[in-house]
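Below is one structure, written out as structure tokens; the observations come after it.
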Amino acid sequence: MLLIAVEEARDKRAAQQAVEQSVKARLKSRGRRNIGFPSGNRDEVIFSRGSGQLWCAFGSAEDAAVPRTWNAFGVYDANRRTQMITVEINIPTTSNSASVAGFFARDPATGAVYLMHDGGVGGGKRGVGRAAFLAWSNSELLEVERGKRGPREGVMIGRVDSRDLTSRLWRYVQLVRAFKDAVDEGVLDTAAMRRQLEEWEEYRRENSGRRKGRRKSEIDYVSYHGDIVDLLKIERERALAKGERVLNSRLIDLFVRSGSVMTELYEVKTSLSRQSIYTGIGQLLAHSARGSSGVRKTLVLPEGDLPKGLERSVASLEIELRRFRLSPGSSPKPELI
């Protein structure tokens with residue numbers, strides 16, 4: 001089993017308290033500020049390092065149709081009287097309604113609890129919605145078991161008691177902010193984006209039910225997928241030759257073009273399971289067919305032993321292996337090795 005939803009009221013209160021403690025220990029109080037959203041505004045104490053950085057505010061909305069804790073996040077602007085919300089990760093308090101986008105999930109093997117978001121971003125504008133955000137952002141969804149009601153899917157933000165939680169929240173806020181900016185700029189209202197959304201929906205159908213079975217040592221890697229892709233991008237851009245570009249797409253983590261020809265291809269997997277590695281191999285072989293016959297293919301995996309026989313298989317297919325790891329401690333950092 002992958003993850004189990006935290007559904008008991010007392011357990012959700014404990015997880016919420018851990019989130020607030022993690023944030024308040026690392027961000028400075030900016031006092032009581034007005035916070036605006038499409039349906040109104042409210043005053044709450046805001047925590048932030050300063051302008052242009054993450055801000056967080058916590059409260060409750062017990063009078064809502066589905067009572068909930070209110071966890072709001074955005075980009076702080078000290079010059080604005082009213083701070084605007086980028087994303088809310090609210091948690092239902094008296095029910096376990098999936099109509100509220102935020103929830104907690106526990107790894108039964110370790111007891112660790114994670115803050116999750118189902119990708120349902122709002123904003124009251126045409127084009128802002130869950131499917132569009134998930135297709136545009138390439139966010140990985142995890143299945144969380146909920147007993148007889150079946151699994152629920154969500155994006156893993158981070159472990160609630162981790163010293164690294166604020167940086168995980170900041171990454172997610174930046175991702176949602178960039179998506180909303182893309183909507184404002186009309187990027188999503190194009191034929192290319194419509195094709196991308198269709199590809200995403202097809203991909204979701206093909207992979208339905210295949211996201212279970214991660215080993216407990218791999219759970220923490222999931223929310224760092226984007227960081228690893230970013231590290232690869234930065235590293236490769238330092239060695240660009242004339243005419244080369246480093247790009248990515250909904251279906252490809254990272255690739256290099258020289259002029260109009262694909263020359264390198266990278267696929268990042270956060271699991272060492274046999275199924276995950278098979279998937280990575282298949283993606284590299286399928287997508288490399290779009291390029292020249294000499295496309296350099298790299299499979300990027302966490303450190304650790306591969307299932308028996310797979311390292312030889314990967315090498316025989318002329319696929320290079322690259323590894324990454326998380327630094328130890330309560331504030332882990334991803335690094336390529």
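The values are calculated or read from the model by the stated rules, or taken from the named source; none is laboratory data. Since we're looking at a predicted model, the values are computed, not measured. Heads up, the Cβs are rebuilt from the backbone with ideal geometry, glycines too, and the neighbour counts pull from every protein chain shown.
Table for the structure above
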{"item": "Leu336 within 21 Å of the chain's Cα centre (by Cα), exposed (fewer than 14 other Cβ atoms within 10 Å of the Cβ) and among the aliphatic types (A, V, I, L, M)", "result": "yes"}
{"item": "Within segment 147-171, considering residues that are more than 15 Å from the chain's Cα centre (by Cα) and not in a loop (DSSP other than H, G, I, E, B), the one modelled with the highest pLDDT", "result": "Arg152"}
{"item": "Top-ranked residue of segment 95-105 - restricted to ones that are touching a residue at least 40 places away in the same chain (Cβ under 8 Å) and over 17 Å from the mean Cα position of the chain (by Cα), ranked as surrounded by the fewest Cβ atoms within 10 Å (Cβ to Cβ)", "result": "Ala98"}
{"item": "Within segment 129-144, tally of residues that are of a type in the set (Gly, Ala, Ser) and assigned to a helix (DSSP H, G or I)", "result": "4"}
{"item": "Residues of segment 277-304 satisfying the condition of being at pLDDT below 90 and charged (D, E, K, R)", "result": "Arg290"}
{"item": "Qualifying strands (runs of 3 or more DSSP E) (wholly inside segment 13-94; at least 1 residues being surrounded by 20 or more Cβ atoms within 10 Å (Cβ to Cβ) and of a type in the set (S, T, N, Q))", "result": "40-48, 68-75, 82-84"}
{"item": "Matching residues, segment 242-287, being within 23 Å of Ala135 (Cβ to Cβ) and among the small types (Gly, Ala, Ser)", "result": "Ser249, Ser271, Ser276, Gly280, Gly282, Ala286"}
{"item": "Count of segment 303-318 residues which are hydrophobic (A, V, I, L, M, F, W, C) and touching a helix residue (DSSP H, G or I) at 6+ places or on another chain (Cβ under 6 Å)", "result": "1"}
{"item": "Subset of segment 310-324 [assigned to a loop (DSSP other than H, G, I, E, B) and not hydrophobic (A, V, I, L, M, F, W, C)]", "result": "Glu318"}
{"item": "Selection status of Phe47, of a type in the set (A, V, I, L, M, F, W, C) and touching a Lys or Arg at 6+ places or on another chain (Cβ under 7 Å)", "result": "yes"}
{"item": "Condition met for Gly122 (out of contact with any His (no Cβ under 8 Å at 6 or more places or on another chain), part of a loop (DSSP other than H, G, I, E, B) and over 21 Å from Leu134 (Cβ atoms))", "result": "no"}
